[in-house]
1. Which one of Ala82, Ala55, Ala94, Ala87 is within 16 Å of ligand 1 (Cβ to nearest atom), in contact with a Cys (Cβ under 7 Å, 6 or more places away or on another chain) and of a type in the set (A, V, I, L, M)?
2. (1) surrounded by fewer than 19 Cβ atoms within 10 Å (Cβ to Cβ); (2) within 11 Å of ligand 2 (Cβ to nearest atom): which one isn't true of Cys192, the others all being true?
3. Just checking, how many residues over the range 122-142 are under 13 Å from the mean Cα position of the chain (by Cα) and within 15 Å of ligand 3 (Cβ to nearest atom)?
4. Test of understanding: among Arg160, Arg245, which residue is away from ligand 2 (no atom under 14 Å from the Cβ) and under 28 Å from Phe98 (Cα atoms)?
5. Restricting attention to the range 180-198, and to residues there that are touching a residue at least 40 places away in the same chain (Cβ under 8 Å) and under 13 Å from the mean Cα position of the chain (by Cα), which single residue is nearest to Val95 (Cα to Cα)?
6. Of everything in the range 98-132, what is open to solvent by less than 40 Å² (accessible area, probe 1.4 Å) and closer than 26 Å to Ala235 by Cα? Give them in sequence order.
7. Which of the residues spanning the range 199-233 are in contact (Cβ under 8 Å) with a residue 24 or more places away in the chain, within 25 Å of the chain's Cα centre (by Cα) and over 18 Å from Cys137 (Cα atoms)?
Amino acid sequence: MTKPKVGIFSLTCCEGCQIEILDLEDVLLDIVDKVEIVSFRLAKGKNINDNFDIAFLEGSVSTKEDMERTMDIRKKSRVLVALGSCACTGGVQAVKNFQNKKSVEKAVFGARMPDIEHVDPAPISKYVDVDYHIRGCPIDNNEFVEILKQLLLGVKPYQREWAVCVECRAKENVCLLEKGKICLGPISYSGCDAVCPSNGLECIGCRGIMDDSNIKAYVKMLKEKKHSISSIKDAFTTIYGENKRQSEVK
Ligand code: SF4
Ligand code: SF4
Ligand code: SF4
């Protein structure tokens with residue numbers, strides 16, 4: 001029987017999500033037994049001249065080359081999964097969109113890579129249709145296995161689409177909003193077991209701002225708690241910029 005062809009690809013990013021997959025060790029051997037891994041740069045070299053039953057794409061679209069690769073991979077893949085925060089939201093690279101882009105590019109790339117054609121860092125969904133998301137920075141590799149299994153079984157993958165507050169309240173944490181902090185838990189996708197607020201840190205929305213969240217009402221509530229608009233804007237862009245909804249933060 002022909003095995004389904006799987007590709008795991010990277011755009012601009014730290015490749016930490018691929019490392020999480022490599023970290024699966026024994027499970028990875030079982031996976032390799034069930035699928036044909038056609039492309040997986042960190043483990044098996046690059047082959048993008050094939051077609052794929054399932055493609056996992058990590059990284060944000062930050063250069064013209066990323067843009068072209070994303071569109072090419074989409075064309076060649078039956079199912080496309082955005083892998084990790086960079087691919088799902090633009091990730092840490094998207095912070096550049098709120099800074100002086102030219103000076104950031106000069107500081108990071110300097111004269112060493114003058115030929116890179118930069119574009120505003122963005123999630124892959126800005127350029128192509130995305131079938132499923134595996135959120136997180138880095139991803140939870142158990143979620144990767146869960147989604148891969150469901151795809152191989154022909155079952156619609158279960159997406160963790162509830163707010164961080166749900167998991168945080170289940171752990172009976174004292175709410176950081178009550179301590180005068182700005183926590184993005186009410187409007188952020190969870191699935192991380194509310195790891196940050198459980199350790200006293202504000203959620204910065206690394207898994208992405210929920211599509212159906214009411215940012216306007218959330219910002220209003222923060223203002224009523226006497227937070228300044230500049231500190232609210234900072235909270236939205238501290239590490240992960242969810243660009244498409246920034247205009248709602250005012
Ligand atoms: S989501 Fe985080 S860990 Fe994954 S590639 Fe992006 S920066 Fe690296
Ligand atoms: S600490 Fe954050 S995640 Fe937890 S309940 Fe409060 S707002 Fe929600
Ligand atoms: S609590 Fe928020 S910032 Fe922390 S891992 Fe979860 S989604 Fe990311």
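1. Ala82
2. Only one criterion is unmet by Cys192, namely (1).
3. 8
4. Arg245
5. Of everything passing the filter in the range 180-198, Tyr189 is nearest to Val95 (Cα to Cα).
6. Val104, Glu105, Val119, Pro121, Ala122, Pro123, Ile124, listed by residue number.
7. Passing the criteria: Gly200, Ser213, Asn214, Ile215, Lys216, Tyr218, Val219, Ser231, Ile232.
The values are calculated or read from the model by the stated rules, or taken from the named source; none is laboratory data. Source: prediction; values computed, not measured. Every residue, glycine as well, gets a Cβ built from its backbone with ideal geometry; the counts of neighbours run over all protein chains shown. Side chains are part of the model used for accessible areas, which takes the heavy atoms of the whole protein and leaves out ligands, DNA and RNA. Shrake-Rupley method; radii C 1.70, N 1.55, O 1.52, S 1.80 Å.
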